[in-house]
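Here's the structure we're looking at; comments come further down.
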Amino acid sequence: MAPAPAPAPAPRLEEITPRNIDASLAIRVRPGQEHAVSPVVKSLAEAYVRPGVAWPRLIVDGGRPVGFLMAFFDIDWNGDGTLFRSGLWRLDIDAGQQGRGYGRFAVDAVAAEIRRRGGDRLHVCRHPGPVRTSSSATGPAWSPRAASSRAAGAR
């Protein structure tokens with residue numbers, strides 16, 4: 001009897017390093033989606049200036065990059081020490097890799113990291129781009145500009 005084939009490797013997250021930065025920068029969403037997400041290069045620049053807050057990761061499956069995410073942990077949301085949040089800040093799934101479950105994997109991976117750090121809620125940020133019709137339609141947005149003073153107080 002022939003041995004059963006090895007299971008396909010599961011997607012995984014990789015820390016951004018000199019070895020994979022070019023692969024990270026090559027992630028592109030589908031045309032027409034650019035208004036809804038920031039490019040990876042902007043996310044990496046923001047991660048650089050917010051090292052204790054931003055958690056950028058390359059999503060890899062079978063050795064090939066399929067997406068990029070950036071999470072945040074324990075942001076002092078109101079800037080006064082009364083409310084701390086963690087969540088998914090950015091998610092870019094490469095145009096040719098969409099519809100294969102990588103977005104779900106990314107959300108699950110961030111949720112697992114939040115739980116590992118003792119949290120029990122995941123907040124998802126959205127881009128306040130041209131699709132937005134009013135600030136009350138979908139609630140307040142979190143943006144790095146709005147939270148830059150808050151980020152300094154993050155634990």
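The values are calculated or read from the model by the stated rules, or taken from the named source; none is laboratory data. Quick caveat: nothing in here was measured; it's all calculated off a predicted structure. For neighbour counting, all protein chains shown are included, and Cβ atoms are generated from backbone atoms with ideal geometry for every residue, glycine included. Only protein heavy atoms, including side chains, enter the accessible area calculation; ligands, DNA and RNA are left aside. Shrake-Rupley method; radii C 1.70, N 1.55, O 1.52, S 1.80 Å.
Structural remarks
- For the range 1-124, with all protein chains in place and a probe radius of 1.4 Å, 55% of the accessible heavy-atom surface sits on carbon or sulfur.
- Within the shell defined by Cβ-Cβ distances under 14 Å, the residues around Ala23 carry a net charge of -1, with Lys and Arg each +1 and Asp and Glu each -1.
- Spin-label model, Arg115 to Lys42: label points 7 Å out along the Cα-to-beta-carbon direction sit 3.2 nm apart.
- Remark: spin-label model distance Arg64-Glu34 equals 2.4 nm, labels positioned 7 Å along the Cα→Cβ axis.
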